[in-house]
Amino acid sequence: MNAVLDLTTSLLATVSEQGRGVQSSAAGQQPAELLELYDMEGCPFCRVVREALTDLDLDAMIYPCPKGGVRFRPLVEKLGGTQQFPFLMDPNTDEALYESADIVEYLYATYGSKPAPARWLTRSARTLGSFGASTLRIGKGLRARDSLDIGEPLELYSFEASPFARPVRELLTELELPYILRQTGRTQGLDWVLPPIRERIAPDYIPTQRNRVALLERTGRVAVPYLIDPNQDVELYESRRIVSYLLDTYAV
């Protein structure tokens, strides 16, 4: 898939998500330990859970489980009894859940400062747009590719519906590279402006979302995606640069 087509289908996938996975509201309670999500980027049911994580502003440890994967799929079967995804483990409450609808309802009940949005309460409506996003991406983020193992997990600043972060998450899934997902959902008007334009029209921009604040303090700017690889002491903005780096460093 060439770069233009790749970005186009990613933008259309964002549209198909019907506005979910873009904005964040402060969680009623931030978990002390990271939630653990066993996930496939291209799976429509997993996407619904990631949309809820963005909406609730919850970070998570992501263990990619693509089809044919060998690193984390056997662990899910050992922990839960079957290789079914998504699979959420919450070390804060010792809860372990399959089924996207059950996970979403659990997340809002446990960490939400508000009930789940009404349109999310109908399971078919909640997954319809997610199926559309998966179809548009033509199988990306679903099947394992040979890769080198890593020591420490990577960190990715992202929000679910970002068309620029999506290709990075797809590749992380295919390479079975675990990563800490740092939510950077939008919380104010200027967050919607593309970074190069925002830097010109609002040089005094001050983010309010916690991980956007952290990015500004760390790098002097706010853009998504942003990758941190503690194994190679590398930090990168820009989707294409990150994808090229991951392929060069970890693909076999």
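The values are calculated or read from the model by the stated rules, or taken from the named source; none is laboratory data. These numbers were taken from a predicted model, which means no experiment stands behind them. Don't worry about glycine lacking a Cβ; one is built from the backbone with ideal geometry, like all the others, and counts go over all protein chains shown. SASA here: full protein model, heavy atoms, side chains in, ligands and nucleic acids out. Shrake-Rupley method; radii C 1.70, N 1.55, O 1.52, S 1.80 Å.
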Quiz item: region 21-81 to region 238-252: how many Å between their Cα centroids?
Solution: 22
Self-check item: Theoretical FRET efficiency, 1/(1+(r/R0)^6), r = Cβ-Cβ of Glu217 and Glu238, R0 25 Å, to 0.05
Solution: 0.80
Self-check item: Set of lysines with alpha-carbon distance to Lys67 below 20 Å, sequence-local pairs under 8 removed
Solution: Lys78, Lys140
Quiz item: In what order, largest first, do Asp102, Asp248 sit by accessible area if the probe radius is 1.4 Å?
Solution: Asp248, Asp102
Practice problem: Lys and Arg at +1, Asp and Glu at -1: add these up for the other residues within a Cβ distance under 11 Å of Tyr38 and post the number. | Solution: -1
Quiz item: Which number do you get for Rg(Cα) / (2.2 N^0.38 Å) in region 19-90?
Solution: 1.14
